[in-house]
1. Kindly report the accessible area of chain A per residue (heavy atoms of protein chains, probe 1.4 Å, no ligands, DNA or RNA), in Å².
2. Round to the nearest 0.05 the FRET efficiency obtained for A:E161 and A:K496 when R0 = 45 Å and r is the Cβ-Cβ distance.
3. For the ranges A:122-131, A:303-312, what's the packing order if you count other beta-carbon atoms within 10 Å of each residue, average per peptide, and put the highest first?
4. For the stretch A:480-550, report the convex hull volume of the alpha-carbon atoms normalised per residue, in Å³, without decimals.
5. So between A:E235 and A:R548, what do we pick up on full extension, going 0.36 nm a residue minus the alpha carbon distance?
6. What trypsin sites (Lys or Arg not before Pro) in the stretch A:355-407 are in a loop by DSSP, with at most 13 other Cβ atoms within 10 Å of the Cβ?
7. Determine the alpha carbon to alpha carbon distance for each of A:K48/A:K556; A:K8/A:K402; A:K362/A:K556; A:K8/A:K490; A:K48/A:K75 and list only those over 32 Å.
8. For A:V461, what residues show an amide H to amide H distance below 5 Å, using hydrogens built from the backbone and excluding near sequence neighbours?
Amino acid sequence: MSEEAREKPSNFIRDIILEHNRTGRFGGRVVTRFPPEPNGYLHIGHAKAICIDFGMAQEFGGRCHLRFDDTNPTKESQEYVDAIMRDVRWLGFDWGPHLYHASDYFEQLYAWAVQLIKAGKAYVDELTAEEMREHRGTLTEGGRESPHRSRPAEESLDLLERMRRGEFEEGAKTLRARIDMTSGNLNLRDPVMYRIRKAPHQRTGDAWCIYPMYDWAHGQSDSIEGVTHSICTLEYEDHRPLYDWYLDQLGVHHPQQIEFARLNLSHTVMSKRKLLELVNAGLVTGWDDPRMPTLAGLRRRGYTPEAIRDFCERIGVAKADNLVQVALLEHCLREDLNRRAERRMAVLRPLRLVVENYPEGKVEELPAINNPEDPSAGSRRVPWSRVLYIEQDDFRDPPPPKYFRLSPGAEVRLRYAYIVRCTGVTRAADGTVAEVRCEYDPASRGGDSGGRRVKGTLHWVSASHSIGAEARLYDTLFTAPRPDEAEEWKSVLNPKSLEVLRSCRVEPALAGAPAEARFQFERQGYFCVDARDSRPGALVFNRAVGLRDTWAKIEKGGG
RNA sequence: UGGGGCGUGGCCAAGCGGCAAGGCGCGGGACUUUGGAUCCCGUAUUCGGAGGUUCGAAUCCUCCCGCCCCAACCA
């Protein structure tokens, strides 16, 4: 079934928008926004949000803005801003001219703050952070009002102005909304609107030393941009009353906030804090380490934007906590690459195979199909000669039950080449197999079995024509499905998440493969030319995902 | 009696009073020059639990149970 033909699963957000359109709440307009804070790289969880934000806008003929929530200069940087834009584009979404920053609105926000003070809805407080925490009360008990809560508006106005001028130290004063210190919703217990931060901002430089809090900046930014549907994750559900309160006090355009459950993926962690820690502790090589759930990591690993978008569509949108198995993500990649990736032969763990009855020095160029799923991909020629390499796993002596591969006396097909019969092995002093010997059947050229039953087909490369390469095989970063629930999440890191194979032999057609090119190495999996470390003459391939391996299951299950 | 959410098969997830979609996974089979792909078939008498309303409930009502989020001058 094609992607277009598949019906999109229904979801409650679409239903809400449909209802708004039906009642004319926003005049039929649909404007959404993706509002990342530039304090880390985007991950697969963000991809879900991006697909929803941009997807809903697209579906309803509206638009989606990219807005950086840059209200905390101490944690944000231009590196992250650049990476985020790169990743959103790579995923396949376009914000057109609608690139915004919360910092674009600092002046307007300030003016609105003044308006709220004048209306008696906000005041400058002088409680320290600790005092404020004490005054806030607990989950089950209401809080106490600050002694500065009833300070005259004029005084707050003067203080706020001086805060802005930099007359006070960090932490000395805050601007707070005057709402309800007894509310069961802690967000409504006089939330801080501005705090003093004498830190330069990546966009506004040193123009400001007071910065708006998320709640004060977010809804107003949405309003200014004419956003209609402010879609976010469940943890903001408690913030919605505050989001609504600010907008109502100001009497400005009022978007609808809608919350959905964030994505949890098995065998990985998703919090930016933990991902940052992995990077800083050197437990991975960087934000784009192929084992990371970041878009940069997935991309380097070999994931396609199409596969990720398909995944985001398949996981659905709901409000229930979830833990999606990585198997689904992997399935999406396989399905995409099976259709699109050209096939190549690559021997990861080489074992010499000598064709005794094939003339020394003779070479044949055998045609091989590039992609059986796509005739338009054509074919290439693969050199064959007397000495070849096959996979170490493809020879066993003695052979286990149901083993279709090579073993003494057994017959097997070498893909696109000839059928060979194993005539013997040469062992090293320690008993390990050094070399396998065989005879080929000249009549089976191209792999034609001539009616004979040959169950196994192996991939191979010519020893003298193949080129060396490095392969990096990845497994999940964590061994536990829910690392977050382990006593210590880092203790459950997978020590085998990376295996490096340095003596691989790949067919010559792979020589000029450009960075990020993806191939299916027949019988093994989908591999991607590493964008960072691969060089012509020193190729490095990342295994994005293995092929389904029925034999591995049989063998593991004891036959 | 803090507040806010959520509970449908191993994992996601449709369903919105008419008698349990779909996907992943898993099991079996067909086919196969990738033990790949593809194709069949199977996989919840039951929707957290108990009552109730109704001819009829996963869908409505009541109570109960469980899980998640909130006490940053983070987002």
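1. Per-residue value: 44 Å².
2. Rounded to the nearest 0.05, the efficiency is 0.15.
3. Highest mean packing first, the order is A:303-312, A:122-131.
4. Output value, Cα hull per residue: 130 Å³.
5. 109.0 nm
6. A:K362, A:K402
7. Violating the 32 Å limit, Cα to Cα: A:K48/A:K556; A:K8/A:K402; A:K362/A:K556; A:K8/A:K490.
8. Distant-sequence amide H within range of A:V461: A:Y389.
The values are calculated or read from the model by the stated rules, or taken from the named source; none is laboratory data. Note that this is a predicted model, so its numbers are computed, not measured. When we count neighbours, we look across all protein chains shown, and the Cβ atoms used for this are built from the backbone with ideal geometry, even at glycine. Side chains are part of the model used for accessible areas, which takes the heavy atoms of the whole protein and leaves out ligands, DNA and RNA. Shrake-Rupley method; radii C 1.70, N 1.55, O 1.52, S 1.80 Å.
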